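First the structure, in the form of structure tokens, and then the observations on it.
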Amino acid sequence: MAYSDKVIDHYEHPRNVGALDKEDAAVGTGLVGAPACGDVMKLQIKVSAEGIIEDAKFKTFGCGSAIASSSLVTEWVKGKTLDEAATIKNTDIAHELALPPVKIHCSVLAEDAIKAAIADYKKKSGKDDSAAAE
Amino acid sequence: MTAIGSKTTPTLSRPPGAPVYLDYQATTPCDPRVVEAMLPWFTEKFGNPHSRNHRYGWEAEEAVEKAREQIADIIAADSKEIIFTSGATESNNLALKGVAHFYKEKKDHIITVVTEHKCVLDTCRHLEQEGFSVTYLPVKADGLIDLGELEAAITDRTVIVSVMAVNNEIGVIQPLAEIGALCRRKGAFFHTDCAQAVGKIPLDVNAMNIDLMSISGHKFYGPKGIGALYVRRRPRIRLVPMINGGGQERGMRSGTLPTPLCVGIGEACAIAKAEMAEESERLKGLQHRLLGGLRQRLPEIYVNGDLENRIPGNLNISFAFVEGEGLMMGVKDLAVSSGSACTSASLEPSYVLRALGVDVEMAHTSLRFGLGRFTTSEDIEFAIDHIVEAVEHLRSMSPLWDMHLEGVDLKSIKWAEH
Ligand SMILES: Cc1ncc(COP(=O)(O)O)c(C=O)c1O
């Protein structure tokens, strides 16, 4: 399969690979996907006291499109508020990377990863309304 | 012209910047000696081999009959038992449908194996739709069938047993002689898809009790678009043809024979017969070096399929914690195949690896390396470095590798399957 230049660029020069301390109260971690499905993404965000995402890191097991999708979203979420980050749509990711139809699930997974990281942060910092009900 | 069997097997130069070709199970380049033998048959010797009235026809007929003998020779058959086809796909279709249809009044059961090539499995599915019953034998973890299970599956309704000689993904060699003896004893015909076996391992249709054998030219340095079907004459196996017409190939496959392609596959057989033993030794050395080089530098890699009963030109390896397609992108200077789902439209990982009992997780991390006549030891050294670098890089980016290093059992995690 031929990849778009943007996928190749993110694959060859992934942005923000790495990990943040998941015990840190300012850090939210999202782990989505499954090894059996061929892709797992771990996305971490570090949120400032003002509620701005000041850092983001990822690690991904998956194909080039999965790696590129997660790399791209780490770039996109940085500097955004949690609410802004939560509006990132898989279609935006797929469009930006020119993903073919069989790779759309990679962008869906990247959107899920952002949502999961935000939810984890909110839960840890007690800002999650639904956490109280658990 | 380089002589057959001489120490001077030709080399093939690679265009600058082209990846190193390690996908010899997908196809092989034509040996330059094969091309050379074919060329006159396109131009000055263009006659129709079925023209009986002039020299153009006679010389073409002589050429295809010589090729038929060269094919027969490499499998210890008689040239009258060789039918030219367009390739192994057609040969497999003709063998299975032809036999099933001819004998359908008496017998209606077919046995094959879950790891067969799609062209056998799909043909069997079609025969099932026509009312035949098909048994798909499982394989053991090493990729080989259990002879006891085969024996138990054969009934007096079984018309044909179809078991491939060498698997295209994992290179394992089925016990042909034992299967042949069993089929003969039980009164079922034995068909074997030898697309990946001809020119790679010694084959003898009589010693192995093979009744039908499919052959493909482009898997052993012959041209694409030509193959053959061996059909035993004593005792005679009957087929209903799929292609009707002028009655060529003893009525089993009509159509004008493509003289240059016939000459090409014949020449490929002659070269393979003369050079197989030596080539096999050389490839065994390269296979050993590739696996050894990778194992020495990379932990957590696993060979899929039996290593002993395997052609030397194949290695199929799972690189745990890195996904196969991502890895293929990382080894962009190698032309290889992956057993990962992502390379197919289906999103299902290789059915062959799954049939061995390889975890879906591990099936996603596999690459197939195919080595062949023009693979050099420099190619293998380059491949080792390139693969090690890519795997290490991708593992450093893999959350699963981190979890593995932290001692987390990935099976203990409740993953959200999507
Ligand atoms: C085991 C096996 N059988 C059949 C085929 C089909 O051969 P052909 O390309 O000659 O139709 C192949 C090649 O893809 C193969 O590997």
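Note the angle between two axes, namely the Cα long axis of helix B:176-186 and the longest principal axis of the Cα atoms of chain B, as a number of degrees from 0 to 90, rounded to the nearest 10. Orientation of helix B:176-186: about 60 degrees from the principal axis. Label reach from B:T155 (point 7 Å along Cα→C-beta): in region B:86-106, amide nitrogens under 15 Å belong to B:106. Normalised by the number of residues in chain A, the average gap of Cα pairs under 8 Å and 6 or more apart makes the relative contact order 29 percent. In this rough spin-label picture, where each label sits 7 Å from Cα along the Cβ direction, the B:A274-B:V114 distance is 4.5 nm. Fraction of C-alpha pairs exceeding 15 angstrom in region B:265-307: 59 percent, rounded to a whole number.
Shape of region B:39-114 from its Cα gyration tensor (a ≥ b ≥ c, root eigenvalues): rounded if a/c is under 1.5, otherwise prolate when a/b > b/c, or oblate?
Details: a/c = 2.71, a/b = 2.35, b/c = 1.15.
Prolate, because a/c is 1.5 or more and a/b exceeds b/c.
Take the Cα pairs of chain A, get the Kirkwood Rh, then feed it into Stokes-Einstein at 10 °C and 1.306 mPa s and tell me D in µm²/s. Translational D for this selection: 108 µm²/s. Peptide B:403-416 has a mean of 2 when you count, residue by residue, the C-beta atoms of other protein chains within 10 Å of its C-beta. Summing Lys and Arg as +1 and Asp and Glu as -1 over all other residues whose Cβ lies under 11 Å from the Cβ of B:L127 gives a net charge of -1. Per the Debye formula on identical point scatterers at the alpha carbon atoms of region B:148-218, with no solvent, log10 I(q)/I(0) at q = 0.28 Å⁻¹ is -1.32. Quick check: net charge around B:R14, other residues with Cβ under 13 Å of its Cβ, Lys/Arg +1 and Asp/Glu -1? Every neighbour counted, the sum reads -3. Within the straight-line cut-off of under 23 Å between alpha carbons, the lysines reachable from B:K186 are B:K97, B:K104, B:K106, B:K107, B:K140, sequence neighbours fewer than 8 places apart in one chain being disregarded.
Label separation (B:R234 vs B:L405): 6.8 nm, computed from points 7 Å beyond Cα along the C-beta direction. Peptide B:391-398 has a mean shielding of 4, counted as Cβ atoms of other protein chains within 10 Å of each residue's Cβ. Label zone (B:A207, point 7 Å along Cα-to-C-beta; backbone nitrogen cut-off 17 Å) within region B:155-195: B:165-166, B:173-182. When the Cα centres of region A:90-128 and region A:52-69 are compared, how far apart do they sit, in Å? If you average the Cα positions of each part, the centres end up 10 Å apart.
For the peptides B:174-183, A:107-116, B:144-153, B:352-361, the ranking by packing is A:107-116, B:352-361, B:174-183, B:144-153, with the highest mean count of neighbouring Cβ atoms within 10 Å listed first. Less than 15 Å from a label point 7 Å out along the Cα-to-Cβ axis of B:S377: which backbone N atoms in region B:274-308 qualify, by residue? The answer is B:281-293.
Can you give the FRET efficiency to the nearest 0.05 for B:S133 and A:S125, using r as the Cβ-Cβ distance and R₀ = 60 Å?
Working: r = 63 Å, r/R0 = 1.05.
Result of the calculation: an efficiency of 0.45.
At a Cβ-Cβ separation cutoff of 4.7 angstrom, cysteine residues of chain A with no neighbouring cysteine are A:C37, A:C106. Calculated on the Cα set of the protein assembly as shown, radius of gyration then Dmax: 27.6, 95 Å.
Based on the alpha carbons, how large is the Rg to Rh ratio for region B:196-275 when Rh follows Kirkwood?
Numbers: Rg = 13.6 Å, Rh = 13.9 Å.
Using only Cα positions, Rg/Rh for region B:196-275 is 0.98.
Summing Cβ point charges (Lys, Arg +1; Asp, Glu -1) relative to the Cα centre of the protein assembly as shown gives a dipole of roughly 1860 debye.
Annotation for A:D9 and B:E105: the two label points, set 7 Å from Cα along the Cα-Cβ direction, are 7.2 nm apart.
Farthest toward the positive end of the dipole of the protein assembly as shown, out of B:Q248, A:H105, B:V360, is the Cα of B:Q248, where the dipole comes from beta carbon charges about the Cα centre.
Which of the peptides A:23-30, B:91-98, B:117-124 is most tightly packed, and how do the rest follow, judged by the mean count of other Cβ atoms within 10 Å per residue? Mind showing how you got there, number by number?
Working: A:23-30: 17.2, B:91-98: 26.1, B:117-124: 19.6.
Peptide ranking by packing, descending: B:91-98, B:117-124, A:23-30.
Cross-link reach is defined here as a Cα-Cα straight distance under 22 Å, omitting same-chain residues fewer than 8 places apart; for A:K78 the lysines meeting it are A:K6, A:K22, A:K42, A:K46, A:K57, A:K59, A:K89, A:K115, A:K122, A:K123, A:K124, A:K127. Here the dipole of chain B is about 1500 debye; that uses its Cα centre as origin and unit charges on the Cβ of Lys and Arg (positive) and Asp and Glu (negative). Along the charge dipole of region B:75-115, which of B:Y103, B:I75, B:V113 sits closest to the positive end, that is, farthest toward it, with unit charges on the beta carbon of Lys, Arg, Asp and Glu (+1, +1, -1, -1)? Selected residue: B:Y103. Averaging Cα coordinates gives a centre for region B:207-270 and one for region B:79-108; these two points are 10 Å apart.
Peptide B:324-332 is shielded by partner chain Cβ atoms: per residue, an average of 5 of them sit within 10 Å of its Cβ.
Within the shell of other residues whose beta carbon sits under 14 angstrom from the beta carbon of B:T112, the net charge comes to -2, with Lys and Arg scored +1 and Asp and Glu -1.
Over the residues of the protein assembly as shown, the helix contribution to mean residue ellipticity at 222 nm works out to -12000 deg cm²/dmol, using -39500 (n - 2.57) for each DSSP H run of at least 4.
Read-outs: derived from the displayed coordinates by stated rules, not from any lab. None of these values were measured; they are calculated from a predicted model. Glycine also receives a Cβ, built like all others from the backbone with ideal geometry; neighbour counts cover every protein chain displayed.
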